[in-house]
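Asks: Could you have a look at this structure, given as structure tokens, before my questions?
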Amino acid sequence: MPEPLRLLQVGAGGMGRAWLRTIKQNPDVVLTGLVDLDVPLARTAADEHGYADVPVAASVGELTERTGAEAVIDVTVPLAHPVVSVDALLRGLPVLCEKPLAESVRECLAMVAAAEVSGKLLMVSQSRRYFRTEAAFERQLAELGPVGSLSCEFFKAPRFGGFREQMAEPLLVDMAIHQFDLARKLIGAEPVSVYCDSYNPAWSWFDGHAAADAVFSFDGGARFAFTGSWCAPGMETSWNGRWRVISANGTAIWDGDSAPVAEFASGEALPATLGAEPEEIAGSLTEFVHALRTSTTPQTEVHANVVSVAMVEAAVRSSETGAPVRIADVLTAAHAEALDTVPPGPVLDVLRSWPSVQKVVGLYKVS
Ligand SMILES: NC(=O)c1ccc[n+]([C@@H]2O[C@H](COP(=O)([O-])OP(=O)(O)OC[C@H]3O[C@@H](n4cnc5c(N)ncnc54)[C@H](O)[C@@H]3O)[C@@H](O)[C@H]2O)c1
């Protein structure tokens, strides 16, 4: 058995606490330091989770050598991800970063380039890819054949306080990234374009748009329709949302919590087979450690994840302009913005060396 991977966690807020519990339960990793701008908060969080002997600090730089850290978990707010994750990468540490990778595709591309400069793994924790019932849903889809239509209804009414209530597009940027990313996995193809209308219900407690309707077309012709709201009290869906898939051979439905149900066009039921895989952030942590130990590429390695952020940005732009937006165009514009804003140095050199940003992030078929 290899020694446990020595982790530094950055971010001791609400989700940071969930990560502290998850790290504690995984024998393949050990927490060696906890970082937060709010150092007393980090101390309290560490003490409350059985890490009284673990040092805390305000920056990764203060703890890297002192703790012999081998990797970083970035659980800071989305705004800070580009700074925190790139700093860790350039110190030679692989990073598992919470979703969304960044608030803009421009920043994501700079993070991809930084990962290339460092030669270290940057993986995004898209925790909603790791549910046993979701994996069972995927197995049903494989039996039903190519997806024609995919829909997701997401209706919740959370009172978070904090950064989400000040964001311009909290639902699309902080939440729908999960469903958009999962749609790519379920359809097994890449998105081409989107039409989206986001808005704020009259009774909303968010400053920005807390509701949205979006329709994506995918390479190969499938459509993905998302309708959601964070101001939808009563009859709420699960946090994954309620999903329906239609293919030529039948239909499958997953409520986001329990085992999915499916039937062939003949009416014959298609049973769900549940596995025993680790779920949610425990799943992404397991995949991160496995990728580092085996030098394999995880499913949400940074290059591939940029397409999910581009779906969000395309949806926001479509809502602003009232017109459909192509994912490839969002990537082209973001690459140009990155070339204009990243300061001279190795990261800019890598961005300049890319002949096609679409190819770099794996959007090969829809150039
Ligand atoms: N996977 C999921 O289902 C899920 C659920 C909730 C949150 N999240 C994600 O987790 C991340 C954190 O969310 P949260 O709810 O814990 O936010 P939070 O505001 O509760 O905590 C964030 C913490 O990061 C710290 N921080 C900010 N900038 C920093 C910096 N530059 N260096 C060090 N520390 C810094 C803040 O002081 C704060 O303590 C977000 O990206 C969010 O989208 C994911």
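Asks: Counting only residues that are assigned to a helix (DSSP H, G or I) and within 16 Å of the ligand (Cβ to nearest atom), how many does region 1-25 have?
Replies: Initially, region 1-25 is screened for residues assigned to a helix (DSSP H, G or I), giving 14-25.
Those still in the list that are within 16 Å of the ligand (Cβ to nearest atom) too: 14-23.
Qualifying residue count for the region: 10.
Asks: For residues in region 26-49 being under 12 Å from Gly13 (Cβ atoms) and part of a helix (DSSP H, G or I), which is nearest to the ligand (Cβ to nearest atom)?
Replies: Out of the qualifying residues, it is Leu41.
Asks: Restricting the first residue to region 291-304 and requiring it to be touching a residue at least 24 places away in the same chain (Cβ under 8 Å), which pairs with a second residue that is among the aromatic types (Phe, Trp, Tyr) meet a Cβ separation below 7 Å and a spacing of at least six or different chains?
Replies: So the pair list comes out as Pro298/Phe288.
Asks: Also, I was wondering about something else. Which members of region 86-102 meet the condition of being near the ligand (Cβ under 10 Å from one of its atoms) and within 16 Å of the chain's Cα centre (by Cα)? I'd like the intermediate steps shown before the answer.
Replies: Residues of region 86-102 near the ligand (Cβ under 10 Å from one of its atoms): 87, 97-102.
Scanning region 86-102 gives Cys97, Glu98, Lys99, Pro100, Leu101, Ala102.
Asks: For region 82-136, enumerate the residues that are among the charged types (D, E, K, R), under 20 Å from Trp19 (Cα atoms) and assigned to a helix (DSSP H, G or I). Give the derivation first.
Replies: Just the residues of region 82-136 that are among the charged types (D, E, K, R), to begin with: 87, 91, 98-99, 103, 106-107, 116, 120, 128-129, 132, 134.
Those left that are additionally under 20 Å from Trp19 (Cα atoms): 98-99, 128-129, 132.
Those that are among the charged types (D, E, K, R), under 20 Å from Trp19 (Cα atoms) and assigned to a helix (DSSP H, G or I): Arg128, Arg129, Arg132.
Asks: Are any residues in region 63-81 assigned to a helix (DSSP H, G or I) and within 11 Å of the ligand (Cβ to nearest atom), and if so, which ones? Can you show your working first?
Replies: So the first thing to find is which residues in region 63-81 are assigned to a helix (DSSP H, G or I), and the list is 63-67, 78-81.
Hits for region 63-81 are Pro78, Leu79, Ala80, His81.
Asks: Which of (1) of a type in the set (A, V, I, L, M, F, W, C); (2) free of Cβ contacts under 8 Å to residues at least 12 places away in the same chain; (3) away from the ligand (no atom under 11 Å from the Cβ) is the odd one out, the single condition Val105 does not satisfy?
Replies: It is condition (2) that Val105 fails.
Asks: Going by the conditions given, is Gly275 touching a Pro at 6+ places or on another chain (Cβ under 8 Å), farther than 23 Å from Met175 by Cβ and part of a loop (DSSP other than H, G, I, E, B)?
Replies: On the way: touching a Pro at 6+ places or on another chain (Cβ under 8 Å): no; farther than 23 Å from Met175 by Cβ: yes; part of a loop (DSSP other than H, G, I, E, B): yes.
So Gly275 does not fit the description; no.
Asks: Within region 277-290, can one find any residue that is surrounded by fewer than 20 Cβ atoms within 10 Å (Cβ to Cβ) and at pLDDT below 95?
Replies: yes
Asks: Another question, then. Can you pull out every residue in region 285-303 that is among the hydroxyl-bearing types (Ser, Thr, Tyr) and over 14 Å from Ala135 (Cβ atoms)?
Replies: Thr294, Ser295, Thr296, Thr297, Thr300
Asks: Moving on to the next point. Across region 185-211, what is the total count of residues that are in contact with a Cys (Cβ under 6 Å, 6 or more places away or on another chain) and under 16 Å from Ser319 (Cα atoms)? Show your work before the answer.
Replies: Going through region 185-211, the residues in contact with a Cys (Cβ under 6 Å, 6 or more places away or on another chain) turn out to be 201, 204, 210.
Checking the rest, the ones that are also under 16 Å from Ser319 (Cα atoms) come to 201, 210.
Selection size over region 185-211: 2.
Asks: Counting just the residues of region 50-62 that are more than 15 Å from the ligand (Cβ to nearest atom) and not β-branched (Val, Ile, Thr), which one comes out surrounded by the most Cβ atoms within 10 Å (Cβ to Cβ)? Quick ask: steps written out before the conclusion?
Replies: Taking region 50-62 first, the residues more than 15 Å from the ligand (Cβ to nearest atom) are 50-54.
From what's left, not β-branched (Val, Ile, Thr): 50-53.
Numbers: Gly50: 12, Tyr51: 21, Ala52: 9, Asp53: 7.
So the residue we want is Tyr51.
Asks: Can you tell me which of Thr294, Thr227, Thr286 is over 26 Å from Met111 (Cα atoms) and hydroxyl-bearing (Ser, Thr, Tyr)? Step through it out loud before you land on a result.
Replies: Working: Thr294 fails: over 26 Å from Met111 (Cα atoms); Thr286 fails: over 26 Å from Met111 (Cα atoms).
Selected residue: Thr227, the only one of Thr294, Thr227, Thr286 that is over 26 Å from Met111 (Cα atoms) and hydroxyl-bearing (Ser, Thr, Tyr).
Asks: Does region 60-71 hold any residues that are polar (S, T, N, Q) and out of contact with any strand residue (DSSP E or B) (no Cβ under 6 Å at 6 or more places or on another chain), and which are they? Show your work before the answer.
Replies: Applying the first criterion (polar (S, T, N, Q)) to region 60-71 yields 64, 67.
Within region 60-71, just Thr64 meets the criteria.
Asks: Check Glu70 against each of (1) more than 23 Å from Pro278 (Cβ to Cβ); (2) in contact with a Leu (Cβ under 6 Å, 6 or more places away or on another chain); (3) of a type outside the set (Gly, Ala, Ser) and name the one condition it does not meet.
Replies: Going through (1) more than 23 Å from Pro278 (Cβ to Cβ); (2) in contact with a Leu (Cβ under 6 Å, 6 or more places away or on another chain); (3) of a type outside the set (Gly, Ala, Ser) one by one, Glu70 breaks only (1).
Asks: Test of understanding: among Pro324, Pro344, which residue is in contact with a Ser or Thr (Cβ under 9 Å, 6 or more places away or on another chain) and surrounded by fewer than 18 Cβ atoms within 10 Å (Cβ to Cβ)?
Replies: Numbers: Pro344 fails: in contact with a Ser or Thr (Cβ under 9 Å, 6 or more places away or on another chain).
When all the criteria are applied, what remains is Pro324.
Asks: Inside region 137-172, can you point out the residues that are within 15 Å of the ligand (Cβ to nearest atom) and either in a helix (DSSP H, G or I) or not assigned by TED's automatic domain parsing to the domain that holds Ala210 (or both)?
Replies: Matches in region 137-172: Gly162, Phe163, Arg164, Glu165, Gln166, Pro170, Leu171, Leu172.
The values are calculated or read from the model by the stated rules, or taken from the named source; none is laboratory data. Note that the coordinates shown come from a computational prediction; the quantities given were computed from them, not determined experimentally. So basically every Cβ, Gly included, is an ideal-geometry build from the backbone, and we count neighbours across all protein chains shown.
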